[in-house]
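To start, the structure itself, in structure tokens.
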Amino acid sequence: MTIKTDGFHHVAYRCRDAKETVEFYNGVLNMDFQLAIAEDHVPSTGAYDPYMHIFLDAGNNNVLAFFELPEQPDMDRDRNTPEWVQHIALRVDSLEDLLAAKENLEASGLDVLGPTHHGIFKSIYFFDPNGHRLELAANIHTPDQMAQLKSVAPDMLKEWSETKKAPRHAAWLHEKIKEES
């Protein structure tokens, strides 16, 4: 039997404070608070570990969830991974929406980096109250660009696996960015 997934049921992260997290994602990103589950024992393991599990609607049947774990040591990030690597990227409909979001986020007191031009999308970056890096991205690609990137992906991965050096198969993407600057 071949497994066929149908998207994410939910993606879960840890939070410092469930209420503060719901208020941020609802107030700043307009995500609807869907439900909360709280237990003293973990259903999958049976271990005692009280938690509050909150679920937010991120749009298009995507759910972003968080766990507050009050009896665990304070949360922290993986210090061996650069801060920019682990992030939650959310799509917005247009470049105009991205720029409006940046204005709104800055008006609410958040530090926002960008827009950053990635060739096929532009994005902005900021942090939630838990220290999770968030990205809002607006696609600007053409179908031809995506087809070209997909066609070179296997060769790029093969070369990377062998050399651990950045393959040049899609260098046109970044050269295009330089031309537009």
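Run N26 past the list (1) in contact (Cβ under 8 Å) with a residue 12 or more places away in the chain; (2) in a strand (DSSP E or B) and report the number of the one that doesn't hold.
(2)
Count, please, the residues in the stretch 82-93 that happen to be without any contact (Cβ under 8 Å) to a residue 60 or more places away in the chain and either under 13 Å from H132 (Cα atoms) or more than 17 Å from the chain's Cα centre (by Cα) (or both).
7
For L136, all conditions in the list (1) free of Cβ contacts under 8 Å to residues at least 12 places away in the same chain; (2) surrounded by 16 or more Cβ atoms within 10 Å (Cβ to Cβ) hold save one; what is the number of the exception?
Every listed condition holds for L136 apart from (1).
Residue under question is M52, and the condition is that it be in contact with a Pro (Cβ under 9 Å, 6 or more places away or on another chain), assigned by TED's automatic domain parsing to the domain that holds V11, surrounded by 12 or more Cβ atoms within 10 Å (Cβ to Cβ) and not β-branched (V, I, T); does it hold?
Against the criterion (in contact with a Pro (Cβ under 9 Å, 6 or more places away or on another chain), assigned by TED's automatic domain parsing to the domain that holds V11, surrounded by 12 or more Cβ atoms within 10 Å (Cβ to Cβ) and not β-branched (V, I, T)), M52 qualifies.
Table: residues versus (1) under 21 Å from V11 (Cβ atoms); (2) exposed (fewer than 13 other Cβ atoms within 10 Å of the Cβ).
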{"site": "N60", "(1), (2)": "yes, yes"}
{"site": "Q72", "(1), (2)": "yes, yes"}
{"site": "D76", "(1), (2)": "yes, yes"}
{"site": "L90", "(1), (2)": "yes, no"}
{"site": "G109", "(1), (2)": "no, yes"}
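Kindly indicate which of E159, E175, E135 is in contact with a Pro (Cβ under 8 Å, 6 or more places away or on another chain) and of a type outside the set (V, I, T).
Exactly one of E159, E175, E135 is in contact with a Pro (Cβ under 8 Å, 6 or more places away or on another chain) and of a type outside the set (V, I, T), namely E159.
Could you check, for the stretch 31-39, whether at least one of its residues is closer than 20 Å to Y125 by Cα, part of a loop (DSSP other than H, G, I, E, B), under 15 Å from the mean Cα position of the chain (by Cα) and not basic (K, R)?
Looking through the stretch 31-39, at least one residue is closer than 20 Å to Y125 by Cα, part of a loop (DSSP other than H, G, I, E, B), under 15 Å from the mean Cα position of the chain (by Cα) and not basic (K, R).
When you check A58 against the structure, is it outside the structural domain of F126 (by TED's automatic domain parsing), farther than 22 Å from S123 by Cα and not acidic (D, E), yes or no?
No: the conditions fail for A58.
Does T116 satisfy the criteria of being closer than 30 Å to A58 by Cα, out of contact with any His (no Cβ under 9 Å at 6 or more places or on another chain), of a type in the set (S, T, Y) and not assigned by TED's automatic domain parsing to the domain that holds D17?
When the stated conditions are applied, T116 passes them.
The values are calculated or read from the model by the stated rules, or taken from the named source; none is laboratory data. Please read all numbers here as calculations on a predicted model, not as lab measurements. With ideal geometry, Cβ positions are generated from the backbone for all residues, glycine too; neighbour counts draw on all protein chains shown.
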